[in-house]
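Since the structure comes first, as structure tokens, the remarks are kept for the end.
Only the coordinates and a few stated rules stand behind these numbers; no lab work does. On a predicted model such as this, the values are computed, not experimentally measured, just so you know. For neighbour counting, all protein chains shown are included, and Cβ atoms are generated from backbone atoms with ideal geometry for every residue, glycine included.
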Amino acid sequence: MSDYPISGYFGRVLVVDLSLGEVRTEPLDPATALDYLGGRGLATRLLYDTIDPACEPLGPDNAFVIASSPLVGTSAPTAGRGHMVFKSPLTGVIGTSNSGGTWGAAFKAAGWDALVVTGAAASPVMIDIAPGRAEIRPADDLWGKTVHETNDLLAAASEPGRPARVLCIGPAGENLVRFAVVANDANRVYGRCGAGAVWGGKKLKAVRVRGREKIAVADKERFQSGLDQALYLIKQAPVTKRLMRDLGTAGLVELINLISMLPHRNFQDCTHRDEDVDRVSGETLAKTLLEKAGSCYLCPIGCQRHTRVAGRDGKEERGEGPEYETMVLMGPLCGIYDMAAITRANYRANELGLDTMSYGGTVACAMEMAGLGLIGPGETGGIDLSFGGAEALEALVGMTARREGIGAALAEGAYRLAAGRGRPDLAMTVKKLELPAYDPRASYTQALGYMTSPSGACHLRGGYAVSLAFFGGAKEIPRFSLLQSPIAIRNMQNLGILQDSLGVCRFTGYAFSADPWARMVSGVTGRDFSVARLEEIENRVAALERQFNVEAGATAADDALPDRFADSPIVVEGRERRVSRDDQERMKRDYYEVRGWDRDGRPTPGLLRALRIEESRR
Amino acid sequence: MTLKIKFFAYFRDLFGARERDLVLESAATVGGVLEVLTDTPERRAEVFAGAELKPHVVLLLNGAPPGRGLSTPLADGDTLAIFPLLGGG
């Protein structure tokens, strides 16, 4: 238990300086806790107070912050997630990434609210954390090992009732692949924006935690009323009650195809044969490769896919995935409908520590470039890089993680790959982050979400338009509304900020939004977090993320889709659709106005004052 | 007129098909077709709450939400998809 003035927090930030080899605990300012809550909000504030946003992302001046929230450690459903924030080596703007699994809950139980890691070690190290103790240890013996090997070796230190939970990088992070992940429980990942490369640049292989501290709940009745409401609603909605468990996220594949949003061949079109789509659907996955569903910490939804597949050598392999994004970006986006090959490539990416989304987007880009003669047959070591090449998809995972042959170019991500050969227009990225598996020409709202997401084209930070257009019931937002998209996407982005700042899963949003969370967080902290107050926090975090990006050098010109989406239409509901530059401009200006940013997309001094966003304390 | 009905997720088990062609002798609305399709108490209970669609049932007419809900008129050759609210990403 803690004597901190706000329940639900320990009031302690663990700061590790890898350059100096020092570990210390700093106090968490209560005003910062109340203004930024936890998770994404708190981590963003601590990062902004620690680094210069203009710093070199792979150097010692970058830092990463992982923050917990007041709900983590309580019985709130799904509240075991962590949020990591850093300057991204892929995008050059804020890197912001979230992971489930169990590490977040174990870290909180070690008695800290956040972890800040600065500097860089001279040789490989790991950080070992337990209640009241944290130390930097040599990790030369772990360097070069896969994610799974590292996880198994470090988790072996588990004790009864006190499991050791591991975050680590694989060879991809060590080799500074710009879209390397930090893995959690072996197969959950901080996936997007290249956190693994930031760790690799710091020579940090792993962070292990063992915790058993308890969290106090200040107002048990209020907490319980929110909890009861949340659990009731999760049981009421078929998607959270059973569909996620039955079908996993890949249950979306057929639906997204039905609404002409399923990308094909590096976003050249959204045209697939139904029988091909069926081969990569969630239903087919459930009937063929799925062994069982699994869950993250305290999750009643259970979307994880624990699968098995025949290896290329005929031997059975077991692992996790594929999720919707992986299935489509490694699959149809590359012209591939071979679920077994996609699953094996997914396993390899998990072992070596690559983001399956950016990897799929980069391979699709490379395939289009190969078709145009921009990557020659002599460069691929005999691998056929044509669209549909499942063997290439599998073989290139290892080459990319180890930067071998053409893999060294792929390791830079789609934008640098294409721009390096004079065709940046072939990279389907926003702010150099590869697009998720929803074609923005099929929804203006999704287009604007990609354009304005703080981390580049991310459906989780940018807002998820499919829900708005098709699952909103009476509140549905037409998918081609220029007028309604800016407010709709702001609201969706804000709900995401809240969930990320509370350490809870996005999928709870299919059952309920802010109200049960407001009651639970008020109950835990004993402070009144009304929905309106939570909205203020959401707006504060959005403004601070934008301020970070402005100071990192991003401008309004970066809030734009690749040319393909403005110039080449796809057919949706019988009509040709694209997102013209004028339409992008109009939505962007309206969005800035909704956010209270100036015409160049910068938070105004008045807005920063009104939201109590102080200057950096670095 | 002839309509194509597509079923997704648990509606495939409920209706025993991935898709079926439905031939109607006269003009129909989305709601009218659902009345025809929900020919058992179990099917009806999964689709309707009283006269309204259950909140988690999603319909797409030729890839778009039906403009007038259950009273949207149908034309020969239309495709109506029925699925539960799905999540992912």
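Count charges around residue A:19 for me, please; just the other residues with Cβ under 12 Å from its Cβ, Lys/Arg as +1, Asp/Glu as -1.
Charge balance in the 12 Å sphere: -1.
Contact order normalised by length for region A:336-475, with contacts defined as Cα pairs under 8 Å and 6 or more residues apart; what percent is it? List each step's numbers first, then the result.
Working: 198 pairs, mean separation 26.3, N = 140.
The normalised contact order for region A:336-475 reaches 19 percent.
Pick out, in residue order, every one of the GluC sites (Glu not before Pro) in chain B that is DSSP loop and has at most 11 other C-beta atoms within 10 Å; say none if there are none.
Qualifying residues, ordered by number: B:25.
Test of understanding: ordering A:439, A:567, B:76 by Cβ neighbours within 10 Å, fewest first, what list do you get?
Least to most surrounded, the residues fall as B:76, A:567, A:439.
Per-residue Cβ counts within 10 Å, from other chains only, averaged over A:230-240: what number is that? The partial results should precede the final answer.
Values: counts 0, 0, 0, 0, 0, 0, 2, 5, 10, 7, 2.
Counting other chains' Cβ atoms within 10 Å and averaging over A:230-240 gives 2.
Excluding residue A:91 itself, calculate the net charge of residues whose Cβ lies under 13 Å from the Cβ of residue A:91, where each Lys or Arg counts +1 and each Asp or Glu counts -1. Provide the component values of the computation, followed by the final result.
On the way: positive: A:87, A:178, A:192, A:416, A:431, A:432, A:461; negative: A:355, A:412, A:434, A:545, A:558, A:559.
Its environment carries a net charge of +1.
Do you know the relative contact order of chain B, to the nearest whole percent, from alpha carbon pairs under 8 angstrom that are 6+ apart?
43
Let me check I've understood the local charge: for residue B:20, count other residues with C-beta under 9 angstrom from its C-beta, Lys and Arg +1, Asp and Glu -1. What total comes out?
+1
Under the definition of Cα pairs under 8 Å and six or more residues apart, what whole-number percent is the relative contact order of chain A?
The normalised contact order for chain A reaches 16 percent.
Taking just the alpha carbons, could you work out the radius of gyration and Dmax for region A:460-501, both in angstroms?
Every Cα atom of region A:460-501 included, Rg and Dmax give 10.1, 30 Å.
Ranking A:287, A:202 by Cβ neighbours within 10 Å, fewest first, what do you get?
So the ranking, lowest neighbour count to highest, is A:287, A:202.
Given that compact globular proteins tend to follow 2.2 N^0.38 Å, what is the ratio of the alpha-carbon Rg of region A:464-618 to that value?
Compared with the compact-globule rule of thumb, region A:464-618 sits at 1.18.
Using the 10 angstrom Cβ neighbour count as an exposure proxy, how do A:325, A:615 rank, fewest first?
A:615, A:325
Taking Rh as the Kirkwood radius, which is the inverse of the mean 1/r over Cα pairs, what is the Rg/Rh value for region A:10-110?
Details: Rg = 13.7 Å, Rh = 14.2 Å.
Dividing the radius of gyration by the Kirkwood radius yields 0.96.
Projecting each Cα onto the charge dipole of the protein assembly as shown (Lys/Arg +1, Asp/Glu -1 at the beta carbon, about the Cα centre), which of A:267, A:363, A:164 comes out farthest on the positive side?
After comparing all options, I get A:164.
Using unit Cβ charges (K, R positive; D, E negative) and no other charged atoms, how large, in debye to the nearest 20, is the dipole of the protein assembly as shown about its Cα centre?
1060
Please identify the DSSP H helices in chain A that span no less than 15 Å along the helix axis (Cα) and have a mean Kyte-Doolittle hydropathy of 0.5 or more.
Helix filter hits for chain A: A:356-371, A:390-401.
Rg to Rh ratio, the protein assembly as shown, alpha-carbon atoms and Kirkwood radius?
Taking Rh as the inverse mean 1/r over Cα pairs, Rg/Rh reads 0.95.
Considering only A:419, A:542, A:529, whose Cα is most displaced toward the positive end of the charge dipole of chain A, charges sitting on Cβ of Lys, Arg (+1) and Asp, Glu (-1)?
A:529
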